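Please treat every number below as a calculation from the coordinates, not as lab data. Keep in mind that this is a model prediction, so the values were computed, not measured. All Cβ positions, glycine included, derive from the backbone under ideal geometry; neighbour counts span all protein chains shown.
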Amino acid sequence: MTLRFGTAGLRGPVGDGPDCMNVPNVVRTTAGLAAWLVGQGHRGGTVVVGRDARTGSAEFFTATTEVLTAAGFDVVALPRPLPTPVTAYAVRELNAVAGVQITASHNPASDNGYKVYLSGGAQIVEPADRQIEAAIDDAPDADSVPRTAVVTSRGDLVDRYLARVASLPRSPHRDLTIALTPLHGVGGETAVAALHAAGFTDVHVVATQFEPDPAFPTVAFPNPEEPGASTPCSNSLPTSTPTSRSRWIRTPIAARSRFPARRDGGCFAVTKPACCSATGSSRTHRPGPWWRRLSSPRPCSAHWPPRASPIRADPHRLQVARPSRRGSRLRVRGGNRALCRPRCRT
């Protein structure tokens, strides 16, 4: 059995063999991606490559850049482990033909992955993922794939990303106390810099979870949607902070974040892919006013309302089924759960 393309690319345990994440599999995957891009008429185009700090990410990052360079692409390598949205942003900013992020998002610590983005910064979707999978099947053995160690590093992309994020807030209010944890992922430094650039200065971080650590020692599962993941954030807030002014944000690689919000006296949790904030828009995920109207009968710290039910094993996307007729209910799917809101007046 071999590792197959799933949501946006590969994801699986780090180890030996065709069904695990390892350098030979990454080399063959990159060779297949390169062949597919050439077949689409993108020979010589720019490809952005980034990574997180998980086990194996540095080796997989190097193998990816070397295979793409040898295939004739102009490879732009992000300078250090950075959040996934920076890669998505860089693809759009540089008008690149593709992007690769070495990450397993919020999978268990034993996993790693290989996420693919196409032009515009959107995650890869059907039918491109199946076409690339077929190209990977046709790729030669890893030992036969050419590799060249010449890439371009672009540290200025991080500053441009932060400037873009800082320009997004529409509300003038900055009087908030924010608690943030990256859950041992690589989003901490960038998230704090983005909040400060946007004018939010009262930011408290969870020190025990701030530095990247591939072992994720203080969390059983590095998923911001897991119950209890907000406890360290709550504990890091000053005891004098009014609840109405406090917000907590938790995110492993800043690819998905979860935070509480208030509206019309109600309280509810919001979970959404952070790539929406990074790029401003996305063909795959486009934020809208609908998420602000989702209400929950349980406190902010609750995971989801009791009526939520499992729908499918896909924890990496937030999907919206628009109502087919006026007055019908909006169904939102995020991760392994579904949430319906009653009809309401917009």
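Worth a mention:
- Neighbour-count ranking [beta-carbon atoms within 10 angstrom, fewest first] of Ile124, Ile102, Ile178: Ile124, Ile178, Ile102
- Note on Tyr117, Tyr161: ascending count of other Cβ atoms within 10 Å places them as Tyr161, Tyr117, the fewest first.
- Potential lengthening of the chain between Ala58 and Asp202 amounts to 48.5 nm, from the contour at 0.36 nm per residue minus the alpha-carbon distance.
- Ordering Ser119, Ser171, Ser153 from the fewest to the most neighbouring beta carbons within 10 Å gives Ser171, Ser153, Ser119.
- Inter-centroid distance (Cα atoms) of the stretch 52-72 relative to the stretch 125-151, Å: 13 Å
- Rough spin-label spacing in nm, given labels placed 7 Å along Cα→Cβ, for Ala166 and Arg154: 2.0 nm
- Counted by Cβ distance under 12 Å from Asn22, the other residues give a net charge of -2, where Lys and Arg count +1 and Asp and Glu count -1.
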